[in-house]
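Working notes, beginning with the structure itself.
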Amino acid sequence: MEETEVTKFKAGLAVYAKVAPEVKLIIRRYYKGIYYCKFADDPEKKEQALFEREIIELGNSNTTK
């Protein structure tokens with residue numbers, strides 16, 4: 001039986017990377033601790049693979065913890 005991992009961000013959610021907050025990303029999937037994100041403006045562009053700590057949810061003004 002496969003266990004379902006609890007993740008902070010769900011597939012389809014619009015986010016951005018802390019290193020490039022001007023570029024909107026869409027989470028495609030989560031696998032083994034890595035979020036695979038496609039570019040919202042150019043879905044054909046190569047995906048970004050990011051850890052949870054590298055992602056900020058759109059609309060979240062609290063970018064520091």
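The values are calculated or read from the model by the stated rules, or taken from the named source; none is laboratory data. Here the structure is a predicted model, which is why all the values come from computation and not from measurement. For neighbour counting, all protein chains shown are included, and Cβ atoms are generated from backbone atoms with ideal geometry for every residue, glycine included. What goes into the accessible areas is simple: the full protein's heavy atoms, side chains included, and nothing from ligands, DNA or RNA. Shrake-Rupley method; radii C 1.70, N 1.55, O 1.52, S 1.80 Å.
Checked against (1) open to solvent by 100 Å² or more (accessible area, probe 1.4 Å); (2) at pLDDT below 95, Lys46 passes all but a single condition, namely (2). Starting from residues that are among the β-branched types (Val, Ile, Thr) and open to solvent by less than 80 Å² (accessible area, probe 1.4 Å), keep the ones in segment 50-65 and report whichever is modelled with the lowest pLDDT. If we take residues in segment 50-65 being among the β-branched types (Val, Ile, Thr) and open to solvent by less than 80 Å² (accessible area, probe 1.4 Å), then Thr63 is modelled with the lowest pLDDT. May I ask you to list the residues in segment 1-40 that are among the charged types (D, E, K, R), farther than 14 Å from Glu57 by Cβ and assigned to a strand (DSSP E or B)? Glu22, Arg28, Arg29, Lys38, listed by residue number.
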